[in-house]
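Scroll down for the structure; my scribbles are underneath it.
Taken together, the values in this text are just the output of simple stated rules run on the coordinates, not laboratory data. Note that the structure is a prediction, hence the values are computed from the model and not measured. Neighbour counts are summed over all protein chains in view; Cβ atoms, including those assigned to glycine, are modelled from backbone coordinates with ideal geometry.
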Amino acid sequence: MSAASTASETRTVRPEEPGKARATIGAIVLVALVLAGGYLSNADWGKLPDMFTEGGKYFVLMLKGVVQNPFSEPYSEYWTTALGGMLESISMAWIGTMIGAVLSIPMGFLAARNVSHPVVVQVTRVILNAIRTLPELVFAIILLLPIFGFGPNAGALALGVGAVGTLGKLTAEALEGIDPGPVEAARAAGAPGSAILRWTYWSQVLPEVLAFWLYRFEINIRASAILGIIGAGGIGSVLSQAFRYREWDFIGILLCVIIVVTVLVDAVSGAVRHRIIAGSGVSEAKVEQDGATL
Amino acid sequence: MTVAATPAAPARPRKPRPSRVLILGLAAVAAITVWAGWEIDFTLGPLFENFSNGWVVVEQFLHPNWSYLGNAWTAWLETISIAIVASFFGVAVGLVFAYMASRVTNRSTPLYRATKWFLAVLRSLPDVAYVLIFVALVGVGSLAGILALFIFNIGIAAKLTAETIDAVDQGPLEAADASGAGTFARARWAVQPQILPNFLSYALYIFELNIRSSVVIGYAGGGGIGQLIQVQFARFNFENVSAIVISMFVVVLLIDQLSQHLRRRLV
């Protein structure tokens, strides 16, 4: 009887849909969290429409500043100030990256499990994690302003200290991922410890580490603008000043400079990073050819 | 005589000369560094000259005023609320942009290019610029912080998710195309199930970032714990600032741990 019924069934039974209970509970918890957050954040939600009414008005004012003839007063001065501030921000980011890079090399070696003693590794990792937890702004406030005063010098140092945390961690991870073959070869040939570190460990991680430094430089350009609001100079200081006086045409020019320069620097740094990681390829062959013909 | 008998050691291969690109690169780096250092008047002198000045402040930092944390916890609640609301909406909108910024899901080239450009512009501004803009638009307070982080999060969420969409397995996409699915059905049923774990883990990462940037947000007028730090710092109450900074340390570590635990379960 049962055999007859299965024979007559031409279609297979559709599998039962998997339960959705967990996803539903997750969604309900999430919505509850967001609603609670919206209430507990003390945000004045009634002001939300202002964003659109005021926003449109100010956007037009900003745009007016950008499209004015940049060689007429006072716009020529605005553009010069904006470019000067951006240049200062980039310098701050560069020096900060350099400080962070130099300090992160020893920290990276100390934090790599296949290089250092386990106790040293643990201690170094705790220090690096502590640095990564706190934003640069906190370093700037606590350590640098009392000693170095307000200015780009303090900003660069804060960026440098902040960069040590991430760069040290990434360098350590790169060192742990190297191919052990060359290390063994160098050791078998009787190379001293310093030579092993320099020619087997460091040579293998160098491209990756250089790419991290460049990436950190891109991050530091944005971070230097942040430091500007506590008076560390650069485009951030100019920007917060402009907002204080509500000079919307100047603000438009400043934002325009920040966007264009950041996108350009990101593009250049991204291309260099790609070249470092992906290796020579076509361009290197061309360089060699040129050398041969010379 | 015996010396001649032993075969001469093979000549050591000559060390390759450093390439021109390397020399030019190093020279460029050195030049930029010198120039940048001059531009910002870089000096380490104050570290030795003003160390005693700084030490007075550092000493105050070493004696945190723990009782102040009683006032700080409402500000912390505000910061965490801001981060939750901003990352929820930022990530949700970011997902839509991510679909538009990947060739896998967006088959219109002009729209794809436009989205990529828009996102690059969005990401090029630092979070503090958004806070300043929204403080000017809606006034000082946590609404400005929420809106600023919301816009900021869209850029990051869209970039990370778009990269994941680019690397998605082609099989389900082909199946969807073969069964005649439209653009939306394709994105929803062939792509979204594949990227969901990664997407949720990016959402948690963005939430962490938002907690970390709370100092900046508050300093620029966006509410939360940063505002408290700014007020206490301006009054030179370094003992109170120190207590807040230590509490920040603890909160960030706790949230990192929680989010790492959740992410490990997701991916």
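Below is a table of values for the structure above.
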item: Calculated log₁₀ intensity ratio I(q)/I(0) where the Debye formula runs over C-alpha points of chain A, q = 0.08, 0.09, 0.15 Å⁻¹; result: -0.60, -0.71, -1.21
item: With 20 Å bins from 0: P(r) over the protein assembly as shown, alpha-carbon pairs, percent; result: 17, 48, 27, 7, 2, 0
item: Aspartates and glutamates with Cα under 18 Å of B:Lys15, excluding same-chain neighbours fewer than 8 positions away; result: A:Glu288
item: Peptide B:233-246 - average C-beta neighbours from other chains (10 Å radius); result: 1
item: Of B:Gly221, B:Gly94, B:Gly45, the one that fluctuates the most in a GNM where chain B has Cα springs shorter than 10 Å; result: B:Gly45
item: Sorted by Cβ neighbour density within 10 Å, fewest at the top, the residues A:Ile25, A:Ile253, B:Ile82, A:Ile196; result: A:Ile25, A:Ile196, A:Ile253, B:Ile82
item: Label point distance in nm, B:Asn237-B:Leu266, each placed 7 Å from Cα along Cα→Cβ; result: 3.7 nm
item: Theoretical FRET efficiency, 1/(1+(r/R0)^6), r = Cβ-Cβ of A:Glu16 and A:Asn69, R0 60 Å, to 0.05; result: 0.25
item: Exposed GluC sites (Glu not before Pro) absent - longest run of chain A, DSSP non-H/G/I/E/B, at most 12 other C-beta within 10 Å; result: A:17-294
item: Within a Gaussian network of chain A (alpha carbon springs, distance under 10 Å), most fluctuating of A:Val164, A:Val29, A:Val66; result: A:Val29
item: Whole-Hz ³J(HN,Hα) from phi, Karplus 6.51 cos²θ - 1.76 cosθ + 1.60, for segment A:232-246, glycine and proline x; result: 8, x, x, 5, x, 5, 4, 5, 5, 4, 4, 5, 4, 9, 6
item: Per-peptide average of other Cβ atoms within 10 Å, ordering B:176-187, B:146-157, A:31-42 highest first; result: B:146-157, A:31-42, B:176-187
item: Inter-chain shielding of A:132-141 (mean C-beta neighbours from other protein chains, 10 Å cut-off); result: 6
item: Among A:Ile259, B:Leu132, A:Thr81 - extreme Cα towards positive end, dipole of the protein assembly as shown, charges at beta-carbon; result: A:Ile259
item: Normalised contact order of segment B:69-266, rounded percent, pairs of Cα under 8 Å and 6 or more residues apart; result: 29 percent
item: Cα-based reach from B:Lys159 at 16 Å (exclusive), listing lysines while leaving out same-chain residues under 8 positions away; result: B:Lys116
item: Proximal lysines to A:Lys47, defined as alpha-carbon separation beneath 21 angstrom and excluding residues fewer than eight positions away on the same chain; result: A:Lys57
item: Among B:223-236, B:16-29, the order from most to least packed when residues are scored by Cβ within 10 Å on average; result: B:223-236, B:16-29
item: Within 10 Å of each Cβ in B:78-87, the average number of Cβ atoms from other chains; result: 5
item: Directionally averaged shadow of segment B:69-266, computed from the convex hull of its alpha-carbon atoms, nm²; result: 12.2 nm²
item: Total formal charge among the other residues, if their Cβ is under 12 angstrom from that of A:Arg273, Lys/Arg +1 and Asp/Glu -1; result: -1
item: For the protein assembly as shown, calculated [θ]222 nm from helices alone, where every DSSP H run of n ≥ 4 adds -39500 (n - 2.57); result: -25000 deg cm²/dmol
item: Set of segment A:66-105 residues, backbone N closer than 18 Å to the point 7 Å along the Cα-Cβ line of A:Phe150; result: A:85-86, A:88-89
item: Chain A: most fluctuating residue of A:Pro106, A:Pro15, A:Pro70 per GNM, C-alpha cutoff 10 Å; result: A:Pro15
item: B:Ile246-A:Asp179 pseudo-label distance in nm [points 7 Å out on the Cα-to-Cβ vector]; result: 5.0 nm
item: Dipole moment magnitude, nearest 20 debye, segment B:69-266 about Cα centre, only Lys, Arg, Asp, Glu C-beta charged; result: 300 debye
item: Chain B: DSSP helices with Cα axial extent of at least 18 Å and average Kyte-Doolittle hydropathy no lower than 0.0; result: B:20-39, B:69-100, B:109-124, B:142-166, B:192-212, B:238-266
